[in-house]
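FYI, it's all coordinate maths here, none of it is from the lab. Only a predicted model underlies this, so the values are computations on that prediction, with no experimental measurement involved. Glycine gets a Cβ as well: all are built from the backbone with ideal geometry, and neighbour counts include every protein chain shown.
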């Protein structure tokens, strides 16, 4: 296959097969679906029929190219005797060509029905395709890597509803880190991953309600958050 073609891989492979057939059998070859067998100048048709995966299972740590098999249908039309002679030339050329993979199995009846023509002898050619996967360019690191650390601590607390009733099964979440915890039957929670040394915003969810609370850290005393959520 000519790598300088601007066509896509399927179009390029089909055109390459058609060019090889023209040279091998010395007769016109068109790229298109099969047509009805009629009188007139015989012609061979080549048509991409289906794509099949041919991916090898290898682990190299790199993105492997996409490996496919393109199956093309080749048949002849025209006067029956002339079309038969053309198909004979295709078979002889396929048998002599090492680089061509001819599959001698009849297309399914549904294939001919989809084309709207009567079934006829045909040759299937399998053409290996390989499509490189483009990996995004990663810019080169030219500066030293800077690592910023953040002190995290655990905060204990309680969630209280109206009348200072403990609220259980309430989710308390650190807005900046996503760390969360559920309150127990006494409304108590232990929340890890709270940034130290700065005010921290907490999300409190439960009973179909939602609220935000802000606490100061570090804090040696348990945090008490009052909500207007009713106990179920």
Fill in the blank from the handout: Summing -39500 (n - 2.57) over every DSSP H run of at least 4 in the chain, dividing by its residue total and rounding to the nearest 500, the 222 nm mean residue ellipticity is -5500 deg cm²/dmol
Exercise for the section: Any chance you could tell me what percent of the C-alpha pair distances in the chain go past 21 Å? Expected result: 70
Problem - Degrees between helix 9-25 axis and first principal axis of the chain (Cα, 0 to 90, nearest 10) - result: 10
Completion exercise
Nearest 10, in degrees from 0 to 90: the angle of helix 80-96 to the longest Cα principal axis of the chain is 60
Problem - Pair residue 185, residue 142: separation of 7 Å Cα→Cβ label points (nm) - result: 6.5
Problem - segment 152-226: radius of gyration over Cα atoms, expressed as a fraction of 2.2 N^0.38 Å - result: 0.99
Exercise for the section: Counting only C-alpha contacts under 8 Å and six or more residues apart, can you give the relative contact order of the chain as a whole percent? Expected result: 14
Handout entry: Inter-probe distance in nm under a simple model that places probes 7 Å from Cα toward Cβ, at residue 176 and residue 11
Key = 5.5
Handout entry: segment 128-186-segment 101-118 distance, computed between alpha-carbon centres (Å)
Key = 57
Exercise for the section: Identify which of 190, 134, 98 has the largest mean-square fluctuation in a Gaussian network model of the chain, with springs joining Cα atoms closer than 10 Å. Expected result: 190
Completion exercise
Cα pairs beyond 19 Å in segment 71-161, in percent, come to 67
